[in-house]
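J.: To start, I am sharing the structure in question, which I have written as structure tokens.
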Amino acid sequence: MTDAQNALDYAHQHHDRFLEELKAIVAIPSISTGTDHTADVARAAQWMADHLKDLGMENVQVMPTGGHPVVFGEWLKAGKDRPTILIYGHYDVQPVDPIDLWQSAPFEAEVRGDNLYGRGTSDMKGQVVATLKAVESIARTGGLPVNVKWLIEGEEEIGSENLDAFIQSHKDLLASDFCLNPDAGMIAADTPSITYGLRGLMYAEVRVYGPDRDLHSGLFGGTVHNPAQALIELVAGMHADKGRVTLPGFYDKVRPLSKEEHEDFARLPTDEKFYLEQTKVPALWGEPEYLPSERVGARPTLEINGFLSGFTGQGSKTVLPAWAMAKISCRLVPDQKPEEAYQQLVK
């Protein structure tokens, strides 16, 4: 029997324990946005550190940053002649709003069919626990053939604001031959997938102000330019026909796809039918000269992530709102910089 088979058998034998431990970390509401859950984020970091110790990792630390902590651990006993892999992960999660759309409590992971439902089960507490348990299964059966380091952060969902500085100041500690980032998905349950590239991100909030207070639309409508209308006009102008982004200079540094890259994208089983089935939309949208897989993997985008203005409760209230807000993000490709994309948005 091979070491790989021994590890797989171990994982199957301990399936129930692994699942319960995943449910335990999902139960910690480690929402990194704002300050309401700072203590929960710290608790999730300690959970990760404790499990690294249980796994036999050494030099395990919960390390401070300018925001939420980074969890580090290492096992270097494979020898200097063996490669060192740095495994990346994050233990923070996004907010759960709108809560009324959840079929089960977001921090009480629930098994339904073949899936586990709860905030963080797939992004990315699930992947972190899967990686921890994969390493455990290998270590407890045939032994680890490589050196391992761990970097598990708590700010991925807010843009990893302090990770760059942390990496720069801990280069020697994090030194490795390569890095594994399991924070991605598979094309399908029966299609093993390796993600080798991810787009970057620029995120901004835009506000438009009008009167100094909400006005009565019957008294002032048609006389005062409605801030919600003004923002809608502004945001609508950020796209031309068929999805092209109109920010000045947005595509100046975007690399054209080579013939070989296009052929590779065409090999993927993610055609138009795949995206229609995944999203249940009646038709796809975007740059028609690119395949759907190219649009989501190799082309930059601008998306409206949220829009708020005026009265949004039940019933009616005929206000002309004092302000309107939109949250906007850009997915960026190689050579595009978040700072440059932000300045293009400002222009």
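J.: Under a point-charge model restricted to the Cβ atoms of Lys and Arg (+1) and Asp and Glu (-1), what is the dipole moment magnitude of the range 287-347 relative to its Cα centre, in debye to the nearest 20?
T.: That gives a dipole near 340 debye.
J.: Dipole of the chain (Lys/Arg Cβ +1, Asp/Glu Cβ -1, origin at the Cα centre): which of S160, V319, T131 lies farthest to the positive side?
T.: Result: V319, furthest along the dipole toward the positive end.
J.: With each pseudo-label sitting 7 Å past Cα toward Cβ, what's the L284-K259 distance in nm, one decimal?
T.: Modelled inter-label distance: 2.3 nm.
J.: Quick check: from the Cα gyration tensor, does the range 3-180 come out rounded (a/c under 1.5), prolate or oblate?
T.: oblate
J.: Let me ask you something else. Tell me, what ³J(HN,Hα) does each residue in the range 291-302 have, in order and in whole Hz, if you take phi through Karplus 6.51 cos²θ - 1.76 cosθ + 1.60 with θ = phi - 60° and put x for Gly and Pro?
T.: 5, x, 5, 6, 5, 8, x, 9, 10, x, 9, 9
J.: Given 0.36 nm per residue, what is the gain on full extension from A39 to E161 after removing their alpha carbon distance, in nm? Intermediate values should be presented prior to the final figure.
T.: Values: separation 122, 0.36 × 122 = 43.92 nm, distance 1.85 nm.
Fully extending the segment from A39 to E161 adds 42.1 nm.
J.: Let me ask you something else. For the range 200-346, build the charge dipole from Cβ charges (+1 Lys, Arg; -1 Asp, Glu) around the Cα centre, then report which of L215, L332, L257 sits farthest towards its positive end.
T.: L215
J.: Calculate the dipole size of the range 31-135 relative to its Cα centre from +1 charges on Lys and Arg beta carbons and -1 charges on Asp and Glu beta carbons; express the result in debye to the nearest 20.
T.: 480 debye
J.: Add -39500 (n - 2.57) for each DSSP H run of 4 or more in the chain, then divide by its residues: what number comes out at 222 nm, to the nearest 500 deg cm²/dmol?
T.: Only helices count here, giving -9000 deg cm²/dmol.
J.: Next question. How would you order 24-30, 277-283 from highest to lowest mean count of nearby Cβ atoms within 10 Å?
T.: Ranking, from highest mean packing down: 24-30, 277-283.
J.: For the range 119-223, run through the chymotrypsin sites (Phe, Trp or Tyr not before Pro) and keep only the ones in DSSP coil with at most 16 other Cβ atoms within 10 Å of their Cβ.
T.: Y196
J.: For the chain, what class follows from the C-alpha gyration tensor (a ≥ b ≥ c being the square roots of its eigenvalues): rounded when a/c is under 1.5, otherwise prolate if a/b is larger than b/c, else oblate?
T.: Since a/c reaches 1.5 and a/b is larger than b/c, the shape of the chain is classed as prolate.
J.: Another one. If we count other beta carbons within 10 Å of each Cβ, what is the order of R43, R119, R207, fewest first?
T.: R207, R43, R119
J.: Working from Cα positions, state the angle (0 to 90°, nearest 10) between the long axis of helix 125-139 and the longest principal axis of the chain.
T.: Tilt of helix 125-139: around 10 degrees.
J.: Restricting to the range 220-347, what percent of DSSP beta bridges are antiparallel, rounded to 5? Please report the intermediate quantities before stating the final value.
T.: Working: 9 of 10 bridges.
About 90 percent, rounded to the nearest 5.
J.: Give the order of Y91, Y117 when sorted by the count of other beta carbons within 10 angstrom, beginning with the fewest.
T.: So the residues, fewest neighbours to most, are Y117, Y91.
J.: Let me ask another. Which shape class applies to the range 224-305: rounded if a/c is under 1.5, otherwise prolate when a/b exceeds b/c and oblate if not, where a ≥ b ≥ c are the square roots of the Cα gyration tensor eigenvalues?
T.: In terms of gyration-tensor shape, oblate.
J.: Rounded to the nearest 20 Debye, what is the dipole magnitude of the chain about its Cα centre when Lys and Arg each give +1 and Asp and Glu each give -1 at the C-beta? Before the final figure, lay out the partial values.
T.: Numbers: 32 positive and 50 negative charges, 83 e Å.
About 400 debye.
J.: Another question, then. Give the order of S316, S169, S329 when sorted by the count of other beta carbons within 10 angstrom, beginning with the fewest. Please report the intermediate quantities before stating the final value.
T.: Working: S316 7, S169 11, S329 16.
Ranking S316, S169, S329 by Cβ neighbours within 10 Å, fewest first, gives S316, S169, S329.
Read the figures in this text as sums done on the coordinates, not as results from a lab. Small disclaimer: the values here were computed from a predicted structure and weren't measured. Note that we place each Cβ from the backbone using ideal geometry, even for glycine, and neighbour counts take in every protein chain shown.
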